[in-house]
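To start, the structure itself, in C-alpha coordinates.
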Amino acid sequence: MSAPGDVAARGRVELRGVGKRFRVDGRELTVLDGIDLVIEPGEFVTILGASGCGKSTLLRLLAGLEHPDAGEVRHDGRAIAGTGLERGLVFQEPRLFPWLTVAENVAAALLNAPLDADAKRRAVAGHIAMVGLGGFERAYPHQLSGGMAQRVAIARGLVNRPGLLLLDEPFGALDAFTREQLQDELRALQAREGFTTVLVTHDVEEALYLGDRVVVMSPRPGRIRAVIAVPLGQPRDRADELLGRLHHAARAALRDTLPLAA
Amino acid sequence: MSGAAYAGAAARPAAPGRRAGGAGRIAARLRAGIATLLLPLLVPAALLLLWSVASDRGWLPAQILPAPGLVRDTLLDLWRSSDLTRDAGISLGRVAQGFALGGALGLLLGAAMGLSRTAEDYLKPLLTALAQVPTIGWVPLLMLPLGIGETLKVAIIAKAALVPVVLNTLAGIRAVPPALFEVAAVFRYTRAQLLGRVLLPAAVPPLFAGLRLGLTNAWKALVAVELLASSEGLGYQLVWGRQMMQMDVVIAAMVVIAAFGLLLDAGLGRVERRLQRWRVAA
(Lines give C-alpha, C1' and ligand atoms only; values in the text may rest on other atoms or scores of the structure.)
Protein backbone atom coordinates (compact mmCIF):
# COMPACT_ATOMS: atom_id res chain seq x y z
CA MET A 1 0.00 0.00 0.00
CA SER A 2 1.04 3.55 -0.55
CA ALA A 3 2.36 5.94 2.03
CA PRO A 4 0.12 8.70 3.36
CA GLY A 5 0.04 11.83 1.27
CA ASP A 6 0.27 10.41 -2.23
CA VAL A 7 -3.39 9.50 -2.59
CA ALA A 8 -4.18 12.77 -4.37
CA ALA A 9 -2.25 11.54 -7.39
CA ARG A 10 -4.80 8.75 -7.81
CA GLY A 11 -8.54 8.51 -7.98
CA ARG A 12 -9.54 9.49 -11.50
CA VAL A 13 -12.91 8.04 -12.50
CA GLU A 14 -14.35 7.75 -16.01
CA LEU A 15 -17.83 6.57 -16.94
CA ARG A 16 -18.49 6.25 -20.67
CA GLY A 17 -21.94 5.41 -22.00
CA VAL A 18 -22.72 3.35 -18.93
CA GLY A 19 -26.01 1.46 -18.90
CA LYS A 20 -27.44 -1.01 -16.41
CA ARG A 21 -30.60 -3.12 -16.56
CA PHE A 22 -32.23 -5.31 -13.95
CA ARG A 23 -34.86 -7.98 -14.38
CA VAL A 24 -37.74 -7.34 -11.99
CA ASP A 25 -40.65 -9.80 -12.08
CA GLY A 26 -39.66 -10.95 -15.54
CA ARG A 27 -39.59 -7.39 -16.93
CA GLU A 28 -36.44 -5.62 -18.05
CA LEU A 29 -35.94 -2.41 -16.14
CA THR A 30 -33.38 0.13 -17.33
CA VAL A 31 -31.82 1.59 -14.21
CA LEU A 32 -29.00 3.56 -15.80
CA ASP A 33 -28.79 4.83 -19.35
CA GLY A 34 -26.01 6.66 -21.19
CA ILE A 35 -24.08 7.86 -18.15
CA ASP A 36 -21.00 9.91 -19.11
CA LEU A 37 -18.98 11.43 -16.30
CA VAL A 38 -15.33 12.14 -15.54
CA ILE A 39 -14.24 12.75 -11.98
CA GLU A 40 -10.80 14.25 -11.47
CA PRO A 41 -8.36 13.09 -8.77
CA GLY A 42 -9.08 14.76 -5.45
CA GLU A 43 -12.51 15.96 -6.51
CA PHE A 44 -15.54 15.69 -4.22
CA VAL A 45 -18.58 14.84 -6.34
CA THR A 46 -22.05 14.42 -4.94
CA ILE A 47 -24.76 12.54 -6.80
CA LEU A 48 -28.22 13.89 -6.12
CA GLY A 49 -31.51 12.31 -7.04
CA ALA A 50 -34.88 11.04 -5.89
CA SER A 51 -35.15 7.43 -4.83
CA GLY A 52 -35.19 5.07 -7.79
CA CYS A 53 -33.01 7.25 -10.01
CA GLY A 54 -30.21 4.68 -10.03
CA LYS A 55 -27.76 6.73 -7.97
CA SER A 56 -27.02 3.86 -5.61
CA THR A 57 -26.58 1.50 -8.57
CA LEU A 58 -24.12 3.97 -10.04
CA LEU A 59 -22.13 3.88 -6.81
CA ARG A 60 -22.24 0.08 -6.70
CA LEU A 61 -20.84 0.02 -10.25
CA LEU A 62 -17.97 2.20 -9.08
CA ALA A 63 -17.42 -0.10 -6.10
CA GLY A 64 -17.34 -3.14 -8.37
CA LEU A 65 -20.34 -4.77 -6.66
CA GLU A 66 -22.31 -4.53 -9.94
CA HIS A 67 -21.18 -4.68 -13.56
CA PRO A 68 -22.43 -2.42 -16.34
CA ASP A 69 -24.47 -3.90 -19.22
CA ALA A 70 -23.25 -1.15 -21.55
CA GLY A 71 -20.30 1.22 -21.64
CA GLU A 72 -17.33 1.16 -19.32
CA VAL A 73 -16.34 2.28 -15.85
CA ARG A 74 -12.68 3.08 -15.28
CA HIS A 75 -10.72 3.90 -12.16
CA ASP A 76 -7.25 5.31 -12.83
CA GLY A 77 -7.48 4.07 -16.40
CA ARG A 78 -8.31 0.46 -15.53
CA ALA A 79 -11.75 -1.02 -16.12
CA ILE A 80 -13.40 -1.90 -12.80
CA ALA A 81 -13.87 -5.67 -12.86
CA GLY A 82 -14.77 -6.23 -9.22
CA THR A 83 -14.30 -4.88 -5.75
CA GLY A 84 -10.83 -3.68 -4.82
CA LEU A 85 -8.97 -2.34 -1.82
CA GLU A 86 -8.09 0.76 -3.89
CA ARG A 87 -11.75 1.80 -3.53
CA GLY A 88 -13.34 2.35 -0.13
CA LEU A 89 -17.10 2.00 0.37
CA VAL A 90 -19.31 3.36 3.17
CA PHE A 91 -22.92 2.15 3.22
CA GLN A 92 -26.00 3.93 4.51
CA GLU A 93 -25.96 1.71 7.59
CA PRO A 94 -22.61 1.22 9.32
CA ARG A 95 -22.66 -2.54 8.56
CA LEU A 96 -20.12 -3.30 11.26
CA PHE A 97 -19.56 -6.89 12.33
CA PRO A 98 -21.38 -6.92 15.69
CA TRP A 99 -19.09 -9.57 17.17
CA LEU A 100 -15.95 -7.49 16.62
CA THR A 101 -14.73 -4.47 18.57
CA VAL A 102 -14.19 -1.09 16.90
CA ALA A 103 -10.49 -1.82 16.35
CA GLU A 104 -11.22 -5.33 15.06
CA ASN A 105 -13.85 -3.99 12.68
CA VAL A 106 -11.39 -1.52 11.18
CA ALA A 107 -8.72 -4.21 11.06
CA ALA A 108 -11.16 -6.52 9.23
CA ALA A 109 -10.77 -4.25 6.20
CA LEU A 110 -7.02 -4.92 6.20
CA LEU A 111 -7.31 -8.71 6.22
CA ASN A 112 -6.06 -8.96 2.64
CA ALA A 113 -3.94 -5.80 2.57
CA PRO A 114 -0.26 -6.32 1.75
CA LEU A 115 0.93 -4.97 5.10
CA ASP A 116 2.75 -6.62 7.98
CA ALA A 117 1.01 -6.98 11.34
CA ASP A 118 2.76 -3.97 12.82
CA ALA A 119 1.83 -1.68 9.94
CA LYS A 120 -1.78 -2.90 10.20
CA ARG A 121 -1.89 -2.10 13.90
CA ARG A 122 -0.60 1.38 13.27
CA ALA A 123 -3.02 1.95 10.38
CA VAL A 124 -5.97 0.84 12.55
CA ALA A 125 -4.98 3.05 15.49
CA GLY A 126 -4.30 5.98 13.17
CA HIS A 127 -7.63 5.80 11.40
CA ILE A 128 -9.63 5.36 14.60
CA ALA A 129 -7.96 8.48 15.94
CA MET A 130 -8.62 10.23 12.63
CA VAL A 131 -12.40 9.85 13.02
CA GLY A 132 -12.21 10.97 16.66
CA LEU A 133 -12.83 7.60 18.30
CA GLY A 134 -9.55 7.24 20.19
CA GLY A 135 -10.34 5.42 23.45
CA PHE A 136 -13.18 3.41 21.91
CA GLU A 137 -11.00 0.76 20.28
CA ARG A 138 -12.37 -2.03 22.47
CA ALA A 139 -16.04 -1.03 22.42
CA TYR A 140 -18.53 -3.25 20.60
CA PRO A 141 -20.87 -1.81 17.93
CA HIS A 142 -23.96 -2.09 20.15
CA GLN A 143 -22.27 0.23 22.62
CA LEU A 144 -21.88 2.99 20.02
CA SER A 145 -24.30 5.71 18.97
CA GLY A 146 -25.37 5.81 15.31
CA GLY A 147 -22.94 8.63 14.58
CA MET A 148 -20.05 6.84 16.24
CA ALA A 149 -20.80 3.61 14.36
CA GLN A 150 -20.79 5.53 11.08
CA ARG A 151 -17.43 7.07 12.00
CA VAL A 152 -16.09 3.55 12.46
CA ALA A 153 -17.47 2.69 9.00
CA ILE A 154 -15.66 5.72 7.55
CA ALA A 155 -12.42 4.73 9.28
CA ARG A 156 -12.89 1.22 7.89
CA GLY A 157 -13.52 2.64 4.42
CA LEU A 158 -10.32 4.69 4.55
CA VAL A 159 -7.93 2.35 6.33
CA ASN A 160 -6.68 0.84 3.07
CA ARG A 161 -5.86 4.40 1.95
CA PRO A 162 -8.00 4.10 -1.18
CA GLY A 163 -7.64 6.68 -3.94
CA LEU A 164 -11.43 6.73 -4.22
CA LEU A 165 -13.95 6.82 -1.38
CA LEU A 166 -17.56 5.97 -2.21
CA LEU A 167 -20.38 6.83 0.20
CA ASP A 168 -24.00 5.73 -0.22
CA GLU A 169 -26.21 8.16 1.74
CA PRO A 170 -23.88 7.73 4.70
CA PHE A 171 -25.57 10.29 6.96
CA GLY A 172 -29.18 9.60 5.99
CA ALA A 173 -30.03 7.76 9.20
CA LEU A 174 -28.45 10.27 11.59
CA ASP A 175 -30.06 13.13 13.50
CA ALA A 176 -29.59 16.62 12.05
CA PHE A 177 -26.92 17.72 14.52
CA THR A 178 -24.78 14.61 14.11
CA ARG A 179 -25.26 14.73 10.36
CA GLU A 180 -23.91 18.27 10.06
CA GLN A 181 -21.00 17.44 12.31
CA LEU A 182 -20.06 14.36 10.29
CA GLN A 183 -20.42 16.31 7.03
CA ASP A 184 -17.90 18.87 8.30
CA GLU A 185 -15.56 16.17 9.52
CA LEU A 186 -15.71 14.23 6.26
CA ARG A 187 -15.05 17.35 4.20
CA ALA A 188 -12.10 18.36 6.40
CA LEU A 189 -10.71 14.85 6.21
CA GLN A 190 -11.05 14.81 2.45
CA ALA A 191 -9.37 18.21 2.09
CA ARG A 192 -6.47 17.00 4.22
CA GLU A 193 -6.00 13.54 2.72
CA GLY A 194 -6.98 14.33 -0.87
CA PHE A 195 -8.83 11.15 -1.80
CA THR A 196 -11.39 11.44 -4.59
CA THR A 197 -14.88 11.21 -3.12
CA VAL A 198 -18.25 10.26 -4.60
CA LEU A 199 -21.17 10.69 -2.21
CA VAL A 200 -24.73 9.73 -3.08
CA THR A 201 -27.56 11.62 -1.39
CA HIS A 202 -31.16 12.72 -1.82
CA ASP A 203 -30.57 15.78 0.36
CA VAL A 204 -30.12 18.94 -1.78
CA GLU A 205 -28.38 20.88 0.99
CA GLU A 206 -25.97 18.07 1.71
CA ALA A 207 -25.14 17.67 -1.98
CA LEU A 208 -24.38 21.40 -2.39
CA TYR A 209 -22.59 21.86 0.92
CA LEU A 210 -20.19 18.97 0.30
CA GLY A 211 -19.72 18.73 -3.46
CA ASP A 212 -17.27 20.47 -5.75
CA ARG A 213 -19.79 19.39 -8.34
CA VAL A 214 -23.32 18.12 -7.91
CA VAL A 215 -24.57 15.56 -10.42
CA VAL A 216 -28.37 15.71 -10.57
CA MET A 217 -29.99 12.51 -11.81
CA SER A 218 -33.44 11.81 -13.23
CA PRO A 219 -35.22 8.50 -12.67
CA ARG A 220 -36.60 5.75 -14.94
CA PRO A 221 -34.25 5.37 -16.67
CA GLY A 222 -31.50 6.92 -14.54
CA ARG A 223 -29.81 9.65 -16.53
CA ILE A 224 -27.64 12.64 -15.68
CA ARG A 225 -29.97 15.63 -15.77
CA ALA A 226 -27.58 18.42 -14.81
CA VAL A 227 -24.12 18.94 -13.37
CA ILE A 228 -23.91 21.93 -11.04
CA ALA A 229 -20.45 23.27 -10.17
CA VAL A 230 -20.10 24.75 -6.68
CA PRO A 231 -17.25 27.28 -6.98
CA LEU A 232 -16.65 27.59 -3.25
CA GLY A 233 -13.60 26.53 -1.24
CA GLN A 234 -13.61 24.72 2.06
CA PRO A 235 -14.71 25.17 4.76
CA ARG A 236 -18.05 26.54 3.62
CA ASP A 237 -20.66 28.63 5.33
CA ARG A 238 -23.99 26.82 5.32
CA ALA A 239 -25.72 30.22 4.97
CA ASP A 240 -23.63 31.22 1.95
CA GLU A 241 -25.70 33.19 -0.57
CA LEU A 242 -24.36 31.26 -3.53
CA LEU A 243 -25.42 27.97 -1.91
CA GLY A 244 -28.90 29.45 -1.60
CA ARG A 245 -29.03 30.35 -5.30
CA LEU A 246 -27.66 26.96 -6.34
CA HIS A 247 -30.23 25.37 -4.07
CA HIS A 248 -32.98 26.81 -6.25
CA ALA A 249 -31.26 25.62 -9.43
CA ALA A 250 -30.79 22.13 -8.04
CA ARG A 251 -34.37 21.93 -6.84
CA ALA A 252 -35.62 23.07 -10.24
CA ALA A 253 -33.49 20.43 -11.99
CA LEU A 254 -34.75 17.79 -9.57
CA ARG A 255 -38.37 18.85 -10.01
CA ASP A 256 -38.05 18.50 -13.77
CA THR A 257 -36.82 14.96 -13.30
CA LEU A 258 -39.90 13.79 -11.47
CA PRO A 259 -42.41 11.94 -13.63
CA LEU A 260 -45.82 13.60 -13.83
CA ALA A 261 -47.46 10.77 -11.98
CA ALA A 262 -45.33 11.36 -8.88
CA MET B 1 -11.61 15.75 13.93
CA SER B 2 -13.44 17.25 16.83
CA GLY B 3 -15.60 14.28 17.67
CA ALA B 4 -13.92 13.04 20.82
CA ALA B 5 -15.78 15.30 23.24
CA TYR B 6 -19.22 14.45 21.96
CA ALA B 7 -18.30 10.82 21.48
CA GLY B 8 -17.22 10.58 25.11
CA ALA B 9 -20.76 11.15 26.27
CA ALA B 10 -21.95 7.83 24.86
CA ALA B 11 -22.01 4.48 26.59
CA ARG B 12 -18.82 2.90 27.88
CA PRO B 13 -18.55 -0.87 28.16
CA ALA B 14 -18.70 -1.20 31.97
CA ALA B 15 -22.00 -1.66 33.78
CA PRO B 16 -22.86 1.63 35.44
CA GLY B 17 -24.42 0.12 38.54
CA ARG B 18 -21.21 -1.39 39.85
CA ARG B 19 -19.20 1.79 39.60
CA ALA B 20 -21.66 4.47 40.59
CA GLY B 21 -23.50 2.33 43.15
CA GLY B 22 -23.99 3.46 46.72
CA ALA B 23 -25.10 1.18 49.57
CA GLY B 24 -28.74 1.43 48.50
CA ARG B 25 -27.90 0.32 45.01
CA ILE B 26 -25.93 -2.67 46.29
CA ALA B 27 -28.84 -3.67 48.51
CA ALA B 28 -31.18 -3.42 45.54
CA ARG B 29 -28.88 -5.63 43.47
CA LEU B 30 -28.69 -8.11 46.34
CA ARG B 31 -32.46 -8.23 46.58
CA ALA B 32 -32.74 -8.72 42.84
CA GLY B 33 -30.12 -11.49 43.00
CA ILE B 34 -31.93 -13.31 45.79
CA ALA B 35 -35.20 -12.98 43.94
CA THR B 36 -33.76 -14.52 40.74
CA LEU B 37 -32.30 -17.37 42.81
CA LEU B 38 -35.38 -18.05 44.90
CA LEU B 39 -38.23 -17.53 42.45
CA PRO B 40 -37.51 -20.69 40.40
CA LEU B 41 -37.49 -22.70 43.66
CA LEU B 42 -40.93 -21.57 44.76
CA VAL B 43 -43.01 -24.02 42.71
CA PRO B 44 -40.75 -27.04 43.40
CA ALA B 45 -40.92 -26.22 47.13
CA ALA B 46 -44.70 -26.17 46.99
CA LEU B 47 -44.74 -29.52 45.17
CA LEU B 48 -42.35 -30.97 47.71
CA LEU B 49 -44.69 -29.80 50.46
CA LEU B 50 -47.67 -31.39 48.71
CA TRP B 51 -45.67 -34.59 48.29
CA SER B 52 -44.76 -34.82 51.98
CA VAL B 53 -48.33 -34.07 53.03
CA ALA B 54 -49.61 -36.73 50.61
CA SER B 55 -47.27 -39.41 51.93
CA ASP B 56 -47.83 -38.33 55.57
CA ARG B 57 -51.58 -38.63 55.22
CA GLY B 58 -51.24 -41.87 53.24
CA TRP B 59 -53.19 -40.56 50.21
CA LEU B 60 -51.24 -43.08 48.14
CA PRO B 61 -49.70 -46.41 49.33
CA ALA B 62 -46.05 -46.03 50.41
CA GLN B 63 -44.98 -48.55 47.72
CA ILE B 64 -46.26 -46.18 45.05
CA LEU B 65 -45.41 -42.84 46.63
CA PRO B 66 -42.49 -43.08 49.06
CA ALA B 67 -41.90 -40.27 51.56
CA PRO B 68 -39.50 -37.47 50.50
CA GLY B 69 -37.24 -38.37 53.44
CA LEU B 70 -36.90 -41.94 52.22
CA VAL B 71 -35.97 -40.77 48.73
CA ARG B 72 -33.36 -38.46 50.23
CA ASP B 73 -31.92 -41.34 52.27
CA THR B 74 -31.89 -43.57 49.20
CA LEU B 75 -30.07 -40.86 47.24
CA LEU B 76 -27.43 -40.61 49.98
CA ASP B 77 -27.13 -44.41 50.16
CA LEU B 78 -26.69 -44.70 46.42
CA TRP B 79 -24.14 -41.91 46.54
CA ARG B 80 -22.17 -43.58 49.38
CA SER B 81 -22.24 -47.02 47.79
CA SER B 82 -20.88 -45.29 44.63
CA ASP B 83 -23.58 -47.08 42.60
CA LEU B 84 -24.92 -43.70 41.60
CA THR B 85 -21.61 -42.19 40.54
CA ARG B 86 -20.77 -45.30 38.53
CA ASP B 87 -24.12 -45.28 36.73
CA ALA B 88 -24.00 -41.54 36.18
CA GLY B 89 -20.46 -41.87 34.81
CA ILE B 90 -21.55 -44.55 32.36
CA SER B 91 -24.56 -42.51 31.25
CA LEU B 92 -22.53 -39.33 30.84
CA GLY B 93 -19.94 -41.23 28.80
CA ARG B 94 -22.63 -42.45 26.41
CA VAL B 95 -24.10 -38.97 26.04
CA ALA B 96 -20.66 -37.48 25.47
CA GLN B 97 -19.93 -39.93 22.65
CA GLY B 98 -23.36 -39.70 21.05
CA PHE B 99 -23.56 -35.93 21.34
CA ALA B 100 -20.05 -35.44 19.97
CA LEU B 101 -20.87 -37.64 16.99
CA GLY B 102 -24.35 -36.27 16.33
CA GLY B 103 -23.38 -32.67 17.03
CA ALA B 104 -20.32 -32.75 14.75
CA LEU B 105 -22.24 -34.47 11.96
CA GLY B 106 -25.12 -32.03 12.46
CA LEU B 107 -22.85 -28.98 12.23
CA LEU B 108 -21.25 -30.38 9.08
CA LEU B 109 -24.53 -31.26 7.38
CA GLY B 110 -26.16 -28.01 8.46
CA ALA B 111 -23.21 -25.96 7.20
CA ALA B 112 -23.14 -27.86 3.90
CA MET B 113 -26.85 -27.27 3.39
CA GLY B 114 -26.57 -23.65 4.49
CA LEU B 115 -23.78 -22.95 2.02
CA SER B 116 -25.08 -24.93 -0.94
CA ARG B 117 -28.62 -24.91 -2.25
CA THR B 118 -27.82 -28.11 -4.10
CA ALA B 119 -26.88 -29.90 -0.89
CA GLU B 120 -30.06 -28.57 0.69
CA ASP B 121 -32.20 -29.81 -2.22
CA TYR B 122 -30.69 -33.27 -1.87
CA LEU B 123 -30.72 -33.61 1.90
CA LYS B 124 -33.39 -31.41 3.47
CA PRO B 125 -36.52 -33.45 2.56
CA LEU B 126 -34.86 -36.66 3.73
CA LEU B 127 -33.76 -35.08 7.01
CA THR B 128 -37.17 -33.57 7.62
CA ALA B 129 -38.77 -36.96 6.99
CA LEU B 130 -36.30 -38.72 9.27
CA ALA B 131 -36.93 -36.17 11.98
CA GLN B 132 -40.61 -37.15 11.98
CA VAL B 133 -39.77 -40.67 13.24
CA PRO B 134 -39.33 -40.45 17.03
CA THR B 135 -35.85 -41.42 18.18
CA ILE B 136 -37.14 -44.53 19.94
CA GLY B 137 -38.75 -45.64 16.70
CA TRP B 138 -35.26 -46.27 15.36
CA VAL B 139 -34.34 -48.80 18.04
CA PRO B 140 -35.99 -51.90 16.51
CA LEU B 141 -34.41 -51.25 13.11
CA LEU B 142 -30.95 -50.41 14.42
CA MET B 143 -30.94 -53.32 16.87
CA LEU B 144 -30.45 -55.76 14.00
CA PRO B 145 -27.25 -54.38 12.51
CA LEU B 146 -25.85 -52.77 15.67
CA GLY B 147 -26.92 -55.24 18.37
CA ILE B 148 -28.03 -53.96 21.77
CA GLY B 149 -24.59 -52.93 23.00
CA GLU B 150 -22.91 -49.56 23.29
CA THR B 151 -22.96 -48.93 19.53
CA LEU B 152 -26.75 -48.89 19.48
CA LYS B 153 -26.95 -46.49 22.40
CA VAL B 154 -24.40 -44.09 20.93
CA ALA B 155 -26.10 -44.24 17.52
CA ILE B 156 -29.53 -43.49 19.00
CA ILE B 157 -28.17 -40.60 21.08
CA ALA B 158 -26.29 -39.25 18.06
CA LYS B 159 -29.47 -39.33 15.96
CA ALA B 160 -31.37 -37.51 18.69
CA ALA B 161 -28.73 -34.76 18.85
CA LEU B 162 -28.29 -34.54 15.09
CA VAL B 163 -31.69 -33.28 13.96
CA PRO B 164 -31.99 -29.99 15.91
CA VAL B 165 -28.31 -29.22 15.29
CA VAL B 166 -28.71 -29.63 11.51
CA LEU B 167 -31.90 -27.61 11.25
CA ASN B 168 -30.70 -24.75 13.48
CA THR B 169 -27.30 -24.56 11.80
CA LEU B 170 -28.99 -24.36 8.41
CA ALA B 171 -31.43 -21.69 9.58
CA GLY B 172 -28.61 -19.79 11.29
CA ILE B 173 -26.44 -19.62 8.19
CA ARG B 174 -29.42 -18.63 6.04
CA ALA B 175 -30.29 -15.82 8.44
CA VAL B 176 -26.89 -14.07 8.13
CA PRO B 177 -27.68 -10.63 6.63
CA PRO B 178 -26.58 -10.44 2.97
CA ALA B 179 -25.38 -6.90 3.76
CA LEU B 180 -22.46 -8.42 5.63
CA PHE B 181 -21.49 -10.51 2.58
CA GLU B 182 -21.14 -7.28 0.63
CA VAL B 183 -18.84 -5.88 3.28
CA ALA B 184 -16.73 -9.02 2.95
CA ALA B 185 -16.76 -8.64 -0.84
CA VAL B 186 -15.57 -5.04 -0.61
CA PHE B 187 -12.57 -6.21 1.41
CA ARG B 188 -11.99 -9.06 -1.04
CA TYR B 189 -12.48 -11.88 1.45
CA THR B 190 -11.83 -15.35 0.08
CA ARG B 191 -14.45 -18.09 0.52
CA ALA B 192 -12.57 -19.42 3.53
CA GLN B 193 -12.36 -15.97 5.09
CA LEU B 194 -16.06 -15.42 4.44
CA LEU B 195 -16.88 -18.70 6.15
CA GLY B 196 -14.59 -18.29 9.15
CA ARG B 197 -14.91 -14.57 9.76
CA VAL B 198 -18.46 -13.72 8.72
CA LEU B 199 -20.73 -16.75 8.39
CA LEU B 200 -19.68 -18.70 11.46
CA PRO B 201 -19.56 -15.82 13.95
CA ALA B 202 -22.86 -14.45 12.64
CA ALA B 203 -24.47 -17.88 12.97
CA VAL B 204 -23.27 -18.52 16.53
CA PRO B 205 -26.55 -17.69 18.31
CA PRO B 206 -28.85 -20.04 16.34
CA LEU B 207 -26.06 -22.58 16.13
CA PHE B 208 -25.89 -22.73 19.92
CA ALA B 209 -29.65 -22.91 20.22
CA GLY B 210 -29.39 -26.05 18.08
CA LEU B 211 -26.56 -27.50 20.15
CA ARG B 212 -28.44 -26.94 23.41
CA LEU B 213 -31.57 -28.52 22.01
CA GLY B 214 -29.43 -31.36 20.67
CA LEU B 215 -27.86 -31.95 24.08
CA THR B 216 -31.25 -32.01 25.79
CA ASN B 217 -32.47 -34.46 23.15
CA ALA B 218 -29.35 -36.59 23.61
CA TRP B 219 -29.90 -36.80 27.35
CA LYS B 220 -33.55 -37.74 26.94
CA ALA B 221 -32.68 -40.37 24.32
CA LEU B 222 -30.08 -41.79 26.67
CA VAL B 223 -32.62 -42.46 29.38
CA ALA B 224 -35.03 -43.98 26.86
CA VAL B 225 -32.44 -46.27 25.34
CA GLU B 226 -31.17 -47.35 28.74
CA LEU B 227 -34.70 -48.15 29.76
CA LEU B 228 -35.03 -50.45 26.76
CA ALA B 229 -31.69 -52.15 26.57
CA SER B 230 -29.12 -51.77 29.28
CA SER B 231 -27.74 -53.31 32.43
CA GLU B 232 -26.15 -50.18 33.77
CA GLY B 233 -26.59 -46.42 33.70
CA LEU B 234 -29.15 -44.05 35.17
CA GLY B 235 -31.96 -45.27 32.93
CA TYR B 236 -31.25 -48.82 34.07
CA GLN B 237 -31.59 -47.66 37.69
CA LEU B 238 -35.13 -46.61 36.82
CA VAL B 239 -35.99 -50.01 35.37
CA TRP B 240 -34.37 -51.88 38.17
CA GLY B 241 -36.09 -49.79 40.84
CA ARG B 242 -39.48 -50.38 39.27
CA GLN B 243 -38.90 -54.12 38.93
CA MET B 244 -37.95 -54.28 42.61
CA MET B 245 -40.99 -52.08 43.41
CA GLN B 246 -38.58 -49.60 44.99
CA MET B 247 -40.12 -46.30 43.99
CA ASP B 248 -37.62 -44.45 46.16
CA VAL B 249 -34.84 -45.66 43.82
CA VAL B 250 -36.90 -44.68 40.78
CA ILE B 251 -37.51 -41.19 42.09
CA ALA B 252 -33.89 -40.82 43.22
CA ALA B 253 -32.72 -41.78 39.73
CA MET B 254 -35.16 -39.30 38.20
CA VAL B 255 -33.83 -36.53 40.43
CA VAL B 256 -30.29 -37.31 39.36
CA ILE B 257 -31.26 -37.43 35.67
CA ALA B 258 -33.01 -34.08 35.91
CA ALA B 259 -30.11 -32.54 37.82
CA PHE B 260 -27.55 -33.67 35.27
CA GLY B 261 -29.72 -32.49 32.38
CA LEU B 262 -30.02 -29.09 34.02
CA LEU B 263 -26.26 -28.92 34.64
CA LEU B 264 -25.38 -29.89 31.06
CA ASP B 265 -27.71 -27.26 29.66
CA ALA B 266 -26.37 -24.61 32.02
CA GLY B 267 -22.81 -25.55 31.09
CA LEU B 268 -23.48 -25.11 27.39
CA GLY B 269 -25.30 -21.88 28.19
CA ARG B 270 -22.13 -20.56 29.86
CA VAL B 271 -20.02 -21.41 26.83
CA GLU B 272 -22.62 -19.69 24.66
CA ARG B 273 -22.57 -16.48 26.68
CA ARG B 274 -18.77 -16.48 26.65
CA LEU B 275 -18.77 -16.71 22.84
CA GLN B 276 -21.33 -13.94 22.58
CA ARG B 277 -19.92 -11.29 24.86
CA TRP B 278 -20.55 -8.85 22.00
CA ARG B 279 -24.29 -9.18 22.27
CA VAL B 280 -26.40 -6.65 24.09
CA ALA B 281 -26.56 -7.66 27.73
CA ALA B 282 -30.06 -8.92 28.48
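The values are calculated or read from the model by the stated rules, or taken from the named source; none is laboratory data. These figures come from a predicted structure and were not determined experimentally. Glycine also receives a Cβ, built like all others from the backbone with ideal geometry; neighbour counts cover every protein chain displayed. Surface accessibility is based on the protein's heavy atoms, side chains included, excluding ligands, DNA and RNA. Shrake-Rupley method; radii C 1.70, N 1.55, O 1.52, S 1.80 Å.
Things worth noting here:
- Members of the range A:62-95 that become less accessible by 50 Å² or more once partner protein chains are added (1.4 angstrom probe, chain alone as reference): A:T83, A:R95
- Residue-wise HN-Hα couplings along the range A:49-63, as the Karplus relation 6.51 cos²θ - 1.76 cosθ + 1.60 with θ = phi - 60° gives them from phi, are x, 6, 5, x, 8, x, 5, 5, 4, 4, 5, 5, 5, 5, 6 Hz; Gly and Pro carry x.
- Panel note: contact residues of the range A:125-152 (accessible area lowered by at least 50 Å² against the chain on its own; 1.4 Å probe) correspond to A:F136, A:H142, A:Q143.
- Separation between Cα centres of the range A:50-90 and the range B:82-132, rounded to whole Å: 45
- Top of A:S56, A:S145, A:S218 by mean-square fluctuation, Gaussian network on chain A, Cα under 10 Å: A:S145
- Within the listed set B:T85, B:T190, B:T118, the residue fluctuating most in the Gaussian network model of chain B (springs between alpha-carbon atoms under 10 angstrom) is B:T190.
- Solvent-accessible area lost on pairing A with B (1.4 Å probe, both sides summed) amounts to about 3100 Å².
- Table column - 3J(HN,Hα) (Hz), the range A:234-247, Karplus curve with 6.51, -1.76, 1.60, x for Gly and Pro: 10, x, 9, 9, 4, 8, 4, 4, 4, 4, x, 5, 5, 4
- Counted charge near A:V215, where neighbours are those whose Cβ lies closer than 10 Å (Asp, Glu -1; Lys, Arg +1): +3
- Surface exposure of the protein assembly as shown, expressed per residue as accessible area with a 1.4 Å probe, stands at 50 Å².
- Only aspartates and glutamates eight or more places from B:K220 in sequence, or on another chain, were considered; those with a Cα closer than 15 Å are B:D265.
- Surface composition of the protein assembly as shown: carbon plus sulfur atoms contribute 62% of the solvent-accessible area (1.4 Å probe, protein chains only, all chains present).
- Within the straight-line cut-off of under 16 Å between alpha carbons, the lysines reachable from A:K20 are A:K55, sequence neighbours fewer than 8 places apart in one chain being disregarded.
- Positive-end residue of A:W99, A:L174, A:G71, charge dipole of chain A with Cβ unit charges: A:G71
- Rounded Å value of the spacing that divides the Cα centres of the range B:21-64 and the range A:242-256: 72
- Relative contact order computed over chain A (Cα-Cα under 8 Å; 6+ residues apart), in percent: 27
- Pairwise inverse Cα distances across the range B:74-281, averaged and inverted, put the Kirkwood hydrodynamic radius at 18.7 Å.
- Here the spin labels are modelled as points 7 Å beyond Cα on the Cα-Cβ line, and at B:D83 and B:L141 they lie 3.7 nm apart.
- Amide H contacts under 5 Å for A:F44, placed H, 5+ residues apart: A:T197, A:D212, A:R213
- Between B:L92 and A:D69, the modelled label-to-label distance comes to 6.5 nm, taking each label 7 Å out from Cα in the direction of the beta carbon.
- Proximity of backbone amide H atoms, modeled 1.01 Å from N, is registered between A:V90 and A:L166, A:L167, A:D168 at under 5 Å, excluding neighbours fewer than 5 places apart on the same chain.
- Candidates B:L76, B:L108, B:L38, ranked by Gaussian network fluctuation over chain B, Cα under 10 Å, top entry: B:L38
- The residues B:K220, B:K124, A:K20, sorted by heavy-atom accessible surface at 1.4 Å with ligands and nucleic acids left out, run B:K220, B:K124, A:K20 from largest to smallest.
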